[in-house]
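Have a look at the structure below before the remarks.
A short reminder: the numbers here are calculations on the coordinates, not readings from a lab. None of the values given here were measured: they were computed from a predicted structure. All Cβ positions, glycine included, derive from the backbone under ideal geometry; neighbour counts span all protein chains shown.
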Amino acid sequence: MSETVPPEALGWSARWLAIARPRSTLAASLLGALAGFATAAAILGCGPPRTLTAVQRGEVVYRTNCASCHNRNPNLPGALGPAIAGSPRALIEARVMHAAYPPGYHPQRVTHLMRPLPWLEPHIGDLTAYLDSVSVRH
Ligand code: HEC
């Protein structure tokens with residue numbers, strides 16, 4: 001015996017499901033399409049990932065690791081450290097890696113408050129580029 005029951009015979013919930021299912025499928029695909037558009041718009045809007053220059057990376061590293069003691073403007077002395085804009089790479093490397101100085105260098109200050117920050121080794125070139133780019137002594 002065939003058990004095909006028409007939705008009308010099953011009450012309102014079955015009838016609603018019979019009607020709603022195709023609609024929800026449509027709604028789901030519309031939502032999917034919208035999500036797809038949103039993703040595409042977000043990607044297109046932001047463009048490809050931005051590649052920072054050495055100067056830009058150096059600025060970020062300086063502001064997060066050095067500016068608190070030196071100065072947000074490296075041409076000016078800071079709370080603890082002297083002005084260091086335009087410092088040569090050898091000096092920056094000696095300070096950041098070992099809190100030392102290149103041979104024969106006469107330090108601006110002798111408080112020994114600066115600690116080495118050796119984990120910044122990959123950014124010594126960036127710091128040098130940034131400190132050179134902002135120097136007013138060009
Ligand atoms: C805790 C504070 C502090 C932090 C953080 C700090 N410095 Fe210093 N820096 C000093 C002080 C103070 C001196 C002066 C030497 C001394 O007394 O230690 C100095 C000296 C220097 C000098 C030598 C200046 C000269 O011509 O005699 C350079 C270059 C330098 N710092 C670079 C940096 C860089 C780059 C960073 C960040 C990666 C940094 N410092 C982070 C406090 C700090």
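In region 42-93, how many residues are more than 13 Å from Leu127 (Cα to Cα) and not in a loop (DSSP other than H, G, I, E, B)?
Going through region 42-93 one residue at a time, the tally reaches 5.
List every residue pair whose Cβ atoms sit under 6 Å apart, with the two residues 6 or more apart in sequence or on different chains, where the first one lies in region 103-117 and is without any contact (Cβ under 8 Å) to a residue 24 or more places away in the chain and the second, anywhere, is loosely packed, with under 11 Cβ neighbours inside 10 Å.
Partner pairs satisfying both residue conditions: Pro116/His98.
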